[in-house]
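Everything below concerns the one structure shown next.
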Amino acid sequence: MMAGGVPGRMHEGEVEWGGHTIHLEQLQMKHFVDYRTPARDYPVVDEAGLRRFIEVARGYDLVFCESPEAMILHAAWMADGGSPVAVCALEVQALRAVDSLRRWYETNEGRDPWPATVACPWISWVVNTRGLTAKLIEEGVPESRIFDFPTSSEAFVLLLPDAERLLDRERELDSALTDGLPLGEVLVAGSGQRDRIIALEVARSLPEVPFVVVDEHVERHRDLLQRHGLANLANVRWLAPQPVERFITLIRRSRAVLVALLEGPEAGGQMTVALAHRLGVPVVGTAAAGVAGYVEHDKTGLLVAPGDREGLAAAVQRLWCDEDLERRLCAAGREVERGRTDATRAGGLRAFEAALSAAAAAA
């Protein structure tokens, strides 16, 4: 089985997961698809890289990837007329990347591969929110081939061969992992539809609280931040995205995690929440799509409405000053994450088996 194109920084190697041997490939869509616009609606495809991805994937019994790669693979394999290869497609972007690739196919090849992709019985789909299930059904995917796959720390087992040891090790870590990382600050991290302005306004309103922001797009947004007077706050430290090992360590060393997202259809922030719960770090966030299903207010974290700067700042301040609240939220978060981990494994394995059985029947 191949895992390629799934979120995160992939590591070469193999992991055993639920009785399956999974080979981790450094092949992701970003290696052969580039977007020329911030809206990601104009893809430019490196066709040599695309062919390499297709050829490598052909050698596996099942490919675990994201929805755009699933469509690419099915379109290529049907054109080649080869035997079916099972695919498990992870959807996290409300089909936004799929839609842009459909336009590329229509422009360059005069066809839309999506209808045949959703009709293919040996492609199963995994999602982490009810909203994404509804979106897939709306776009033609049979509900019987959609499986719940809640984001949890278990997903790191699919990305990192040494994940269990890293997740369970003590707070006192090797200097190679802790060098240069902050300790005891509020971590602003996560992907999805991040509300950078609100998060930094919260930091500005709490000058006595130290924040660290992980953001790969800080230079792209610097002019916007400067216009809002948020580019050079004295209590904010900026970090570039970290390798998985150091990101786990960064969360563990944080006093709290702030997940401030805009409201919208796309999932986002769940992995940060899941890791914080696993590692015993309290979460403060906005009740945007996705995160609201992973945090129960005042039980496993503190939630406020998207865009509520004052409420978010008050929640951070409350947590910062209340150690009993911090301990209670951490204990409940750990318990919820244990159940989420079981559900991730169960849903993933059901999706794998459904795709493998359908491919075997069609061979």
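Going by what's in this entry, would ALA315 be described as surrounded by 21 or more Cβ atoms within 10 Å (Cβ to Cβ) and within 22 Å of the chain's Cα centre (by Cα)? No, not satisfied. Scanning the range 55-72 for residues that are assigned to a strand (DSSP E or B) and either modelled with pLDDT of 90 or more or under 16 Å from LEU356 (Cβ atoms) (or both) yields LEU62, VAL63, PHE64, CYS65.
In this structure, does ALA231 turn out to be among the aliphatic types (A, V, I, L, M), free of Cβ contacts under 8 Å to residues at least 40 places away in the same chain and within 25 Å of VAL92 (Cβ to Cβ)? So ALA231 fails the test.
Of all residues in the range 55-93, which are buried (at least 21 other Cβ atoms within 10 Å of the Cβ), of a type in the set (Gly, Ala, Ser) and out of contact with any Ser or Thr (no Cβ under 6 Å at 6 or more places or on another chain)? ALA57, SER67, ALA70, ALA86, listed by residue number.
Checking the conditions here, which among LEU181, LEU187, LEU158 is at pLDDT below 70, under 23 Å from the mean Cα position of the chain (by Cα) and under 14 Å from ARG246 (Cα atoms)? Going through LEU181, LEU187, LEU158 in turn, just one is at pLDDT below 70, under 23 Å from the mean Cα position of the chain (by Cα) and under 14 Å from ARG246 (Cα atoms): LEU181. Applying the selection to the range 346-357, what residues are among the aliphatic types (A, V, I, L, M) and either surrounded by 18 or more Cβ atoms within 10 Å (Cβ to Cβ) or not in a helix (DSSP H, G or I) (or both)? Hits for the range 346-357 are ALA351, ALA354, ALA355, LEU356.
The values are calculated or read from the model by the stated rules, or taken from the named source; none is laboratory data. Model, not experiment: these values are computed from the prediction. Cβ coordinates were reconstructed from backbone atoms using ideal geometry, including for glycine residues, and neighbour counts include every protein chain displayed.
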